[in-house]
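Quick notes on the structure that follows.
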Amino acid sequence: MVKESRRGRGGRWAGRMAVVVPGLLGGADAVLVNGVAPGLELAVSLVAAVVLLWRRRFPVAVFAATLPGIYIGYIWFAPMIALYTVAARRTDRRLLAAAGALLALAHFVPYPLSEPAWDGPREAALSAVDACVTAAAPVALGLLTRTRRELAARLAELTRSRAREDRLLADRAVATERARLAREMHDVVAHQVSLISLQAGAVQISTADPAARDGARTIRELCVRTLDELRHLVGILRAAGGDAEEPAPRPRLADLPRLIGVSGLDVAYEEATNAVVRPGRYPEAVERAAFRTVQEALTNVRKHAPGARVRVRVAEPDGARLLVEVRNGPPDTAAPAPWLPGGGHGLMGLRERAQSLGGTFEARTTDEGGFVVRAEFPGSAGAASTGAPGAAGAAERPGAAGAAERPGP
């Protein structure tokens, strides 16, 4: 930061010097050639030096204002610097040729015209060559400066293009790897889930126990839903890899009753009718985040609080926010623990999802020995790009409906 500030101040100082120094040189030239005694020659020479302060904004007008200085006051610096500026900042070749010819003519023609300027043809020829060189030198230097500036700009553009190409190549490599991972995930996971579904179907047909039949049917329904969501995720990965598929429908609030029905838990569902029935009331990202919150919370109830009673509530506290709350009681000690594996990222993922949508998230234990997961989402998913901090930064303490990292009861 300090280096950038110093570099910025140095750049401004250099720019100011580039404006002031030519004027000082022109003024010194005027005084050295014409002296300090007031007169027409000194006046036009000083005017030519002063107008150099605006040479970058009005190069042609400033050049025209300096021509009387070289014709009447016999100065060189001001008109040559003005001609250099015209050559460096104007691309019209005819304008540049005319400006060079005017400078050479002002240098060659004597002032006043009544006085003899040359003793013979030889002196006239030498004066003409001198005038041409005086005009050609700033033109050549200005063209060189402009060419150098254009080359630097093209080089910078080539560097940016090369950087863009490198990024595209890297993105292509990542997309190819994502497509490969999508194929691997589909082949491995879909195969295993299909086998589970087939085994559950066989149990459903062969068993005479109604409870076992219902459990097998639930397993098959869960397998079908898992395959649908897997197909959706694979579609996303393949789309990024250039092998797009039509994605499966994404879960919405209206899918919560079906999720709760196949959860196998004792769930009491309370919903705000208008929040679920009316389509499009909330953005798709908000509804999907609410669905995932309930899904993860129910999964962790099965893991850590088997047999517990659960209450799922969907409400609108003020008509502009969506509240999703999953609250469970203490586990039933007589219920067998499922010993399901956990990734240990449940609460973290839910919190990040809520905060990315501008909402809040809270997960904590209750006084009764249960756990509550509470998330609020705004009516517009684009209300904040980073999201508000989650409910006073509630720590991800062990709990049933919370993080999968909690030890089993």
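The values are calculated or read from the model by the stated rules, or taken from the named source; none is laboratory data. Since the structure is predicted, the reported quantities are computational estimates derived from the model, not experimental observations. Note that each Cβ is placed from the backbone with ideal geometry, even for glycine, and that neighbours are counted across all protein chains shown.
Values as computed for the structure displayed
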{"quantity": "In segment 66-85, residue surrounded by the most Cβ atoms within 10 Å (Cβ to Cβ) [restricted to those that are aromatic (F, W, Y) and over 12 Å from L52 (Cα atoms)]", "calculated": "Y71"}
{"quantity": "Whichever residue in segment 33-48 is among the aliphatic types (A, V, I, L, M) and assigned to a helix (DSSP H, G or I) and, among such residues, is surrounded by the most Cβ atoms within 10 Å (Cβ to Cβ)", "calculated": "A48"}
{"quantity": "Flag if A101 is surrounded by 14 or more Cβ atoms within 10 Å (Cβ to Cβ), in contact with a helix residue (DSSP H, G or I) (Cβ under 8 Å, 6 or more places away or on another chain) and assigned to a helix (DSSP H, G or I)", "calculated": "no"}
{"quantity": "Residue satisfying condition, being over 19 Å from A28 (Cα atoms), assigned to a helix (DSSP H, G or I) and in the same structural domain as V44 (by TED's automatic domain parsing), within set L113, L143, L95", "calculated": "L95"}
{"quantity": "Output for segment 104-136, where each listed residue is of a type in the set (A, V, I, L, M), surrounded by 14 or more Cβ atoms within 10 Å (Cβ to Cβ) and either closer than 18 Å to L52 by Cβ or at pLDDT below 85 (or both)", "calculated": "A106, A135"}
{"quantity": "Residue match in segment 37-58 (condition: modelled with pLDDT under 85, of a type outside the set (K, R) and more than 18 Å from A106 (Cα to Cα))", "calculated": "yes"}
{"quantity": "Condition check for A30: in a helix (DSSP H, G or I), farther than 25 Å from R146 by Cβ and touching a residue at least 40 places away in the same chain (Cβ under 8 Å)", "calculated": "yes"}
{"quantity": "Per-region count, segment 124-175, residues aliphatic (A, V, I, L, M) and either under 30 Å from F77 (Cβ atoms) or touching a Lys or Arg at 6+ places or on another chain (Cβ under 9 Å) (or both)", "calculated": "18"}
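Table: residues versus (1) out of contact with any Asp or Glu (no Cβ under 6 Å at 6 or more places or on another chain); (2) among the basic types (K, R); (3) modelled with pLDDT of 85 or more.
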site: A153; (1), (2), (3): yes, no, yes
site: D171; (1), (2), (3): yes, no, yes
site: A175; (1), (2), (3): yes, no, no
site: L181; (1), (2), (3): yes, no, no
site: M185; (1), (2), (3): yes, no, no
site: G201; (1), (2), (3): yes, no, no
site: R217; (1), (2), (3): yes, yes, no
site: L227; (1), (2), (3): yes, no, no
